[in-house]
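Notes follow once the structure below has been shown.
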């Protein structure tokens, strides 16, 4: 038992982790200010907050990866100073990061070995991996190279690596963002087992329902400060949301769907991968009509990226007739020509793809909008500025004006600007990838509202997202993408988390009847 | 003391960094003169006062600044597009060779039309030489840095072959050089008694043209995006192949033009000494000038001072001429170091580490 291995001399009632007065500021931003936090042994403690509320900074401070400006930390009642992650691990603190830190070319066992005591040899490490995975009901083959693993399996490697250090405190940073609903359920089972054995868990997330299902205590951060502490089991989504952003997001107005002609039709689209870590598209078929919102669910890396490249025109290898926009085969057309047909696209990477980081917002308009380009390719700077100012005002983009460079904006504000740029073009078809990825709750609901308004005005909208909640909220129909293939269409009324979750693993039955029986 | 990331890049240091780099270079220069047992005041005078103290000296300054400026303007387009043409020297030589070939056609009966023809040949030669690099990059994805650099040596060998072989002046006492070009081929001079030609006017016109292209045209915008954000360029639908060709043809054409102005201007014949390193020095000029059309003007003049100062240091102070290269290199390295300040700043005191004992103190 890990709990019994604590050094003698403190009372059993001392909290596993106690933070007081933790502050950290970066130039221009206060990430943490006077934060207090208390985690009991065996507790699953949620740290809830919007993007930019200071959750990740706080966790890095606990893990020794970031040095705080002020404050103190105690474990089991004993003051400690964690200067680096090695010291954190020596104290029994382990962390699973949001972004994985695995070497693709090495095997699972070799990756785990890298973070462990060097006296062990590889065979012993493999044996202990098998033991650990068996103890927690995880499945993992130590000999497999990491590049053959799915994202969920990679996360399992990270978790196993953390478990093998026998942690007394495990920190998980947004662990479910890449998992299917079923994989999330499996993860929760593992975490509950761990907590029963006395390991404390700090669980960082902005997903309210997960926190209510898993955690027994919750500390809410807003703008770097603790804005509340509660027992999440006794709260509702609305009350947690109030603690997190200070207000409830406005409810979206449901609308009567009036669909028109088919605007986008994809027929038997086959496309070989462009780079070696890509996914081959196989027999992708879908239709989007004017006025409807169609969603594509699925875990990233299942062909969404490749499909979007083919749809936007960034990849022009698709057969001409396999992608039809308003009756015209566009497979070989450049993005600029597709835009003239009314196809506009908002990519998931905002900096570097949707916008040029080092250029002003005004000049970034020029990427997809040619309203201020005159005869002979001369730019009208006045008109460009005015257009940028208009977009900024209409979509409430918080920034330093049309001259602000794109990289000076927060993710949410830049996304509002890019969405505004494409919506103002009056598209016949808008394709959006991860519309609210990394965007705070307020901006996210504004963006979803804009999408629904656009569809209401008769635009065909295709949304690719990892967030099931979001898709259920705005879409009329859903497809699921798995392993380069697209599921049949599913009306929202028939879509349940279980069913879509099953489909995310590629398990959709050929006939709908068989699917519902499963 | 530690380096700390700025919340956003400093616009002050974006302009102040070249100035600081120059000051550091001067400081190291003073140390260098003292270590060599020379009077540092005299040394600095040779580099920074002699080149501007008389109208004649100023003229010579402009003669050397002209090719540097023209080449650097072309390279600014190229580097902004993230295409690394290191072989402007070779394009300069081929431009000079083509221009020289046209100039050799002139005789007593030739009209003044020969001058535009010489300039056009220079531009064409430079473009063709840079075009080889563009073609290999486009077709075979060959690294443009290596290809353009190696083509410099090929260009030098072609020049040597021509002046040692077919184009050698029969009445030249077997010296490896062509006959001096006819007077009609001479690039018109701005004023009598000075060696400054209309080249400087062309260069300044280039400054204006580049500014308009970069900041006032859609094509210039597309070119820049292809350099700073290739994914955004693909997203917008700008052709990356087009950007590659434009970048190399513009910089090659500019270098070729500089070569033509040089051989039909101050030199007046082809010799093995046509390559004077302008193509390499212009890389430094372009970066010290922040790849900005106006900034390049100042850095071209500065670099020209180093050239003249180096020659004067040889005759006046008995220092080797390679001191020019030392100063050029120092300036570039100092600039790269000073550029750190754009994105970072120094903090004198480190924040106190977290420990239980420090808690009471706070």
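The values are calculated or read from the model by the stated rules, or taken from the named source; none is laboratory data. What you are looking at is a predicted structure, and each value in this text was computed from that prediction instead of being measured. Counting neighbours? That spans all protein chains shown, and the Cβs are built from the backbone with ideal geometry, glycine included.
Here are the numbers for the structure shown:
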{"read-out": "Candidates B:62, B:69, B:32, B:36, filtered to the one that is touching a residue at least 60 places away in the same chain (Cβ under 8 Å), crowded, with 22+ Cβ neighbours inside 10 Å and more than 14 Å from every other protein chain (Cβ to nearest Cβ)", "value": "B:69"}
{"read-out": "Answer residue from segment A:311-328, given it is outside any loop (DSSP other than H, G, I, E, B) and either in contact with a strand residue (DSSP E or B) (Cβ under 7 Å, 6 or more places away or on another chain) or modelled with pLDDT of 95 or more (or both) and is surrounded by the most Cβ atoms within 10 Å (Cβ to Cβ) among those", "value": "A:311"}
{"read-out": "Output for segment A:469-490, where each listed residue is closer than 13 Å to residue A:293 by Cβ and either in a strand (DSSP E or B) or touching a strand residue (DSSP E or B) at 6+ places or on another chain (Cβ under 9 Å) (or both)", "value": "A:470, A:471, A:472, A:474, A:475, A:476, A:477, A:478, A:479, A:489"}
{"read-out": "Residue in segment B:236-245 that is closer than 30 Å to residue B:163 by Cα, without any contact (Cβ under 8 Å) to a residue 60 or more places away in the chain and crowded, with 16+ Cβ neighbours inside 10 Å present", "value": "no"}
{"read-out": "Selected residue (only one of A:396, A:415 is surrounded by fewer than 18 Cβ atoms within 10 Å (Cβ to Cβ), within 26 Å of the chain's Cα centre (by Cα) and away from every other protein chain (no Cβ under 14 Å))", "value": "A:396"}
{"read-out": "Breaking point among (1) in contact (Cβ under 8 Å) with a residue 24 or more places away in the chain; (2) within 29 Å of residue A:51 (Cβ to Cβ); (3) within 25 Å of the chain's Cα centre (by Cα), for residue A:195", "value": "(3)"}
{"read-out": "Residues of segment A:81-95 satisfying the condition of being free of Cβ contacts under 8 Å to residues at least 12 places away in the same chain and within 14 Å of chain B (Cβ to nearest Cβ)", "value": "A:81"}
{"read-out": "Scan of segment A:362-379 for residues that are part of a loop (DSSP other than H, G, I, E, B) and more than 7 Å from chain B (Cβ to nearest Cβ), ordered by number", "value": "A:369, A:370, A:371, A:372, A:374"}
{"read-out": "Hits in segment A:337-350 (condition: touching a residue at least 12 places away in the same chain (Cβ under 8 Å) and either facing chain B (nearest Cβ under 7 Å) or out of contact with any helix residue (DSSP H, G or I) (no Cβ under 6 Å at 6 or more places or on another chain) (or both))", "value": "A:337, A:338, A:339, A:341, A:342, A:343, A:347, A:348"}
{"read-out": "Residue ranges of helices (runs of 4 or more DSSP H) in segment B:219-335 with at least 3 members touching a helix residue (DSSP H, G or I) at 6+ places or on another chain (Cβ under 7 Å), within 27 Å of residue B:147 (Cα to Cα) and away from every other protein chain (no Cβ under 14 Å)", "value": "B:240-262, B:278-288, B:293-312"}
{"read-out": "Single residue of A:449, A:420, A:458 found to be at pLDDT 90 or above, at positive phi and away from every other protein chain (no Cβ under 13 Å)", "value": "A:458"}
{"read-out": "Helices (runs of 4 or more DSSP H) fully within segment A:380-467 counting 3 or more residues that are not assigned by TED's automatic domain parsing to the domain that holds residue A:295", "value": "A:381-394, A:411-424"}
